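Student: I'd like to ask some things about the structure below.
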Amino acid sequence: MGRWKPDGLGRLEDAALALFGERGYENTTVAQIAARAGLTERTFFRYFADKREVLFWGSRTLQELMVNALINEPQSAAPLEAVAAALDAAGTALQGRFEIARRRHTVIAASAELRERELIKLASLAAALADALRRRGTSGATATLTAEAGIAVFRVAFERWVTETAPKELPSLIRESLEELRGVTAR
């Protein structure tokens with residue numbers, strides 16, 4: 001086994017996505033992922049608690065990035081503008097991972113268990129953004145509504161990004177989706 005080769009995390013992620021695409025999530029084992037990556041199962045478990053976490057390992061980092069972007073907005077920024085900054089930070093960070101994001105989306109879309117986990121991740125993001133808005137002085141209901149709307153914008157833009165044949169960049173799709181939301185609510 002090639003434990004001395006660099007980027008074990010990336011190799012495991014790539015191997016898992018390839019196997020999930022070939023065999024399906026349910027029919028892929030940790031042993032198969034580790035073998036494809038040229039690593040041991042023990043090494044796999046140093047990075048991930050289970051095979052599902054290969055698809056969700058960056059959730060905490062993404063949440064921290066979004067919350068920090070929201071908090072760093074000027075206090076004078078409206079709640080939706082602060083959330084827009086968080087969405088923009090996420091879009092910019094994910095833009096360089098397009099192929100991985102597309103492959104990941106395909107795997108998640110094919111599994112009810114993974115779709116449920118993705119919804120939990122999005123709900124956690126919304127809760128973290130709402131909490132950050134409250135810390136900025138936004139009232140409870142307004143903070144929750146704004147954060148949930150922001151995550152809906154993110155989800156719609158992300159879906160377009162990974163499924164369209166010739167997608168625009170994710171930050172552009174996020175801004176377009178946010179403008180669509182503003183248009184809907186202004187009518």
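No lab work stands behind these numbers, since they all come straight from the coordinates. All figures in this text were calculated on a predicted structure; none of them were measured in a lab.
Student: In whole Å, what is the distance between the alpha-carbon centres of segment 129-177 and segment 110-128?
Tutor: 14 Å
Student: While we're on this one: Compare Arg103, Arg136, Arg23 in a GNM of the chain, Cα atoms joined below 10 Å, and give the one with the largest fluctuation.
Tutor: Of the options given, Arg23 has the highest mean-square fluctuation.
Student: Any idea what angle helix 8-23 forms with the longest principal axis of the chain, computed on alpha-carbon atoms, 0 to 90 degrees, nearest 10?
Tutor: Its long axis makes an angle of about 80 degrees.
Student: Let me ask you something else. Tell me, what ³J(HN,Hα) does each residue in segment 84-89 have, in order and in whole Hz, if you take phi through Karplus 6.51 cos²θ - 1.76 cosθ + 1.60 with θ = phi - 60° and put x for Gly and Pro?
Tutor: 4, 5, 5, 5, 5, 4
Student: At a threshold of 8 angstrom on Cα-Cα distance, excluding pairs fewer than six apart, so keeping six or more, what relative contact order does the chain reach in percent?
Tutor: Working: 185 pairs, mean separation 36.8, N = 187.
Once divided by the residue count of the chain, the mean separation gives 20 percent.
Student: Which value in Å does the Kirkwood hydrodynamic radius of the chain take, with 1/r averaged over all unlike C-alpha pairs and then inverted?
Tutor: Across the chain, the inverse of the average 1/r is 17.7 Å.
Student: Now a separate question. Roughly how tilted is helix 112-135, in degrees to the nearest 10 and between 0 and 90, from the longest Cα axis of the chain?
Tutor: 40 degrees
Student: Once both axes come from the Cα atoms, what is the angle between helix 59-71 and the longest principal axis of the chain, in degrees from 0 to 90, rounded to 10?
Tutor: So the inclination is approximately 20 degrees.
Student: So, one more: Among rounded, prolate and oblate, which fits segment 8-49 when a ≥ b ≥ c are the square roots of the eigenvalues of its C-alpha gyration tensor, a/c under 1.5 means rounded, and a/b larger than b/c means prolate?
Tutor: Working: a/c = 1.88, a/b = 1.58, b/c = 1.19.
Prolate, because a/c is 1.5 or more and a/b exceeds b/c.
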